[in-house]
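The values are calculated or read from the model by the stated rules, or taken from the named source; none is laboratory data. Please read these numbers as outputs of a predicted model, since none were measured by experiment. FYI the Cβ positions are ideal-geometry reconstructions off the backbone, even for glycines, and counts take in every protein chain you see. For the accessible areas, the whole protein counts, side chains as well, though only heavy atoms, and no ligand, DNA or RNA atoms are used. Shrake-Rupley method; radii C 1.70, N 1.55, O 1.52, S 1.80 Å.
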Amino acid sequence: LKVGGDFSTQDTVDQFEDTPDVYEDEPSIGCIAPPLSMDPQPTEDERITVVGGKKWMATIQVPACFIGKLIGMNRRSLNSLENDTQCRVKTPRKEEKNKPCEISSIISLECVQRCLDRIEIFVDDARKSSRVTHFVAFPCDHPEIQQNFEVILLDSAPLIADIQGIDMMNDDPSQVSVIYAKIKGEKVQKIANLVSRRLGELLGGNSGNSEDVADSGADSEDVKLHMTLMNSRYVTQQADKKNNSKYSFNAKKMLEDLKEFHFGTIQINEVIN
């Protein structure tokens, strides 16, 4: 800038205010999403919760006696389950008997659903295939029951059982576990059927009296009356407890030779439990 023949300089600076975050003539819009909650939140599946919107979790109770089978040798079964469902499964330790299994996945809710369904099916199958561990009995030593039972034993013809012929509990004579002798006797069969149906009535909650039950023999199969002769389970019990393999034997010749063998005819005078 030239003034009076001299050159002088003057610093000129334009003053600008900071750009406002929100313009006065425009509505306010939130640009930053609120932080996600890290507390478990419910999902469309009431069994499953989600944490942070990206980790799905669930718990399921598995009986302590089935945990080992769920894990498998060297964790093979559990690894297969985790790989198939894309989930992580944490099983309780031995001392944590009442603690449930924990399932988690960062893939999707459906992964946890599949894992839960697989474990539920596993527990159901394990219950069906497991051996009976308890015997439950109802006391029936009521005077009326005892008197009526004596009438059954003493009424008309005595209880005669004819023991003749042998058979097996399975269908393959080369892989047999139990061999038994067959028991025949019309009255013995009726009493066995009656006892079986009455027990079913008590356990299943059916209604009806003893006469109705006794007359329904044509509608159901007869109880298999038998006298056990050979059972491979006792051989297994004497073997090493670590060896859980089921023992069987070839009984083809025995079944052929003794198919109609007559063991004898007996009169039943008492019933023992």
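Being on the phi > 0 side of the Ramachandran plot and part of a loop (DSSP other than H, G, I, E, B) is the filter here; which residues of segment 52-93 pass it?
Gly52, Gly53, Gly72, Gln86
Report, ordered by the first and then the second residue, all pairs with beta carbons closer than 9 Å, sequence separation of six or more or different chains, a first member in segment 93-109 that is within 16 Å of Ile60 (Cα to Cα) and open to solvent by 60 Å² or more (accessible area, probe 1.4 Å), and a second member that is among the charged types (D, E, K, R) and part of a strand (DSSP E or B).
Glu102/Arg88; Glu102/Lys90
Within segment 196-220, count every residue that is at pLDDT below 80, within 30 Å of His262 (Cβ to Cβ) and within 32 Å of the chain's Cα centre (by Cα).
The total comes to 1.
Pick from Val151, Val132, Val178: which is modelled with pLDDT of 75 or more and out of contact with any His (no Cβ under 6 Å at 6 or more places or on another chain)?
Val178
List pairs: first residue in segment 110-138 and of a type in the set (Lys, Arg), second residue open to solvent by less than 50 Å² (accessible area, probe 1.4 Å) anywhere in the structure, Cβ distance under 7 angstrom, at least six positions apart or on different chains.
Matching pairs, first to second residue: Arg114/Thr85; Arg118/Leu81; Arg118/Thr85.
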